[in-house]
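Trainee: Before anything else, here's the structure in question.
The values are calculated or read from the model by the stated rules, or taken from the named source; none is laboratory data. In this text, all values refer to a predicted model and were calculated from it rather than measured experimentally. Here Cβ is always computed from backbone atoms with ideal geometry, including for glycine, and neighbour counts include all displayed protein chains.
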Amino acid sequence: MKTPSPKMTISRTIFLSDDTLLSADSGGFFTLWAPVMGEDGHLEFMQSVFRGHKVI
Amino acid sequence: MTHIEGTTFASGDFEGVVKLWTVESGNFEHKDSIQLPSSAGAVLLVDGARGQSEEVYILSGYDQIFRWFLPNPPSVTQVVEGFPKGFTSLMTHTMEDSFFVTTKENTVLRFHPLNGLEWRSDLMSLGMSISCHSSGKVIAVGCSTGDLNILSTMDGAHISMLPVADSDDALICLSYSASGENLAIGTASGCLYLLPVSDDGLGYHKLNLLKVCYIGRIYSHSSLSFSWNNFLGLFLFLRSNTFLPYFLVLCLTPGHLSHTQSSMVNGWQLYLNKRREQRDSRTYSL
């Protein structure tokens, strides 16, 4: 799975209507964070990364 | 980046380009884009209108504000020309076609995109952050002196001023939850305040204070943002100056506040459940 480089910064995040969190980073990637509640009750996120827009 | 509605959002970049996107089932589609004039500089902030129209307001690096009207035919116009420069934050009205800005002259201004300035309200200190309550009746303005100002959206009248943080701790980030029942406030020293809100934005009760000590001092108001979600609660994002982004998920449950912490970007999968509670018995009523 692609993850943003630690040298990149991430812009503001927004929640879409399906409760998925969307972030964008200065490297030009959009990341979708789908919330999943684990068996132990801890919140986790399934991530998907897409090339999008080099945001500030 | 700003949410517009449903699965539509907009993003802006250093080159003055704003793009409109939709995302369905994980697939992104680039719908449209605009290029601001070269005199505008970079895109500092985009905010999707919450009123009657589908539009995006854009604050540029050289203190220009643009309105991108999305319905066909789309158009981009510069608004707020001829006013003193030095805008520090921008927020659209939750119910009407207007927007609010704070300025370096310690003022809050309300503009209509076509009719221009609607009112001006003076502050005792520099306004650094702004949020409009879902009722549309009030806005909250966070100031450099740690004070929270509640103003009427109708005429800018001061409803109340709450001393939330220390006088040297600026309120750099504000966000009402979608329901309007909570207000999250982030300060420059790394503190998070969560205030239950009642009476359509007129009542505030300082219930929980969460000290996010490991963040350290935050030097830029653009480094911190909140996102509210009905399922997850409050999502706090910090963009640090040392290029080590953190994020926190705050799950709001009755009577206490807990958060799930992740570490740096490359440690997304690492979640540490921690609970830090620090009660503050002070209660404010308007």
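Trainee: Is there any pair with a first residue in the range B:24-50 that is outside any strand (DSSP E or B) and a second that is of a type in the set (S, T, N, Q) and surrounded by fewer than 19 Cβ atoms within 10 Å (Cβ to Cβ) whose Cβ atoms are under 7 Å apart and which are 6 or more apart or on different chains, and what are they?
Mentor: B:Gly26/A:Ser48
Trainee: What do you reckon, is B:Phe83 under 25 Å from B:Tyr176 (Cα atoms) and away from chain A (no Cβ under 11 Å)?
Mentor: So B:Phe83 fails the test.
Trainee: So, one more: Being surrounded by fewer than 22 Cβ atoms within 10 Å (Cβ to Cβ) and at negative phi: is that true of B:Ser131 here?
Mentor: When the stated conditions are applied, B:Ser131 does not pass them.
Trainee: Within the range B:142-175, can you find the residues that are charged (D, E, K, R) and surrounded by fewer than 16 Cβ atoms within 10 Å (Cβ to Cβ)?
Mentor: Of everything in the range B:142-175, those that are charged (D, E, K, R) and surrounded by fewer than 16 Cβ atoms within 10 Å (Cβ to Cβ) turn out to be B:Asp155, B:Asp166, B:Asp168.
Trainee: Answer yes or no as to whether B:Thr187 is more than 14 Å from the chain's Cα centre (by Cα), crowded, with 18+ Cβ neighbours inside 10 Å and of a type in the set (S, T, N, Q).
Mentor: When the stated conditions are applied, B:Thr187 does not pass them.
Trainee: Looking at the structure I just gave you, is B:Thr102 touching a Cys at 6+ places or on another chain (Cβ under 8 Å), in contact (Cβ under 8 Å) with a residue 24 or more places away in the chain and of a type in the set (Ser, Thr, Tyr)? Full working, then the answer.
Mentor: On the way: touching a Cys at 6+ places or on another chain (Cβ under 8 Å): no; in contact (Cβ under 8 Å) with a residue 24 or more places away in the chain: yes; of a type in the set (Ser, Thr, Tyr): yes.
Against the criterion (touching a Cys at 6+ places or on another chain (Cβ under 8 Å), in contact (Cβ under 8 Å) with a residue 24 or more places away in the chain and of a type in the set (Ser, Thr, Tyr)), B:Thr102 does not qualify.
Trainee: Filtering the range B:1-44 down to residues that are surrounded by fewer than 12 Cβ atoms within 10 Å (Cβ to Cβ) and within 30 Å of B:Lys85 (Cβ to Cβ), which residue is nearest to the other protein chains (Cβ to nearest Cβ)?
Mentor: Out of the qualifying residues, it is B:Gln35.
Trainee: Is it the case that B:Val17 is closer than 27 Å to B:Ala178 by Cβ and either modelled with pLDDT of 85 or more or of a type outside the set (Val, Ile, Thr) (or both)?
Mentor: No, not satisfied.
Trainee: Here is a further query. How many residues are surrounded by fewer than 21 Cβ atoms within 10 Å (Cβ to Cβ) and not in a loop (DSSP other than H, G, I, E, B) if we restrict to the range B:66-86?
Mentor: 6
Trainee: When the range B:124-148 is examined, which residues are found to be under 14 Å from B:Phe100 (Cα atoms) and not β-branched (Val, Ile, Thr)? Please lay out each step first, then the result.
Mentor: Let us first name the residues in the range B:124-148 that are under 14 Å from B:Phe100 (Cα atoms), namely B:127-133, B:136-142.
Passing the criteria: B:Gly127, B:Met128, B:Ser129, B:Ser131, B:Cys132, B:His133, B:Gly136, B:Lys137, B:Ala140, B:Gly142.
Trainee: Of the residues in the range A:12-56, how many are of a type in the set (Val, Ile, Thr) and at pLDDT below 80?
Mentor: 4
Trainee: Let me ask something else about it. Read through the list (1) under 23 Å from B:Lys19 (Cα atoms); (2) of a type in the set (Asp, Glu); (3) assigned to a strand (DSSP E or B), then give the number of the only condition that B:Asp97 fails.
Mentor: Against the list (1) under 23 Å from B:Lys19 (Cα atoms); (2) of a type in the set (Asp, Glu); (3) assigned to a strand (DSSP E or B), B:Asp97 comes up short only on (3).
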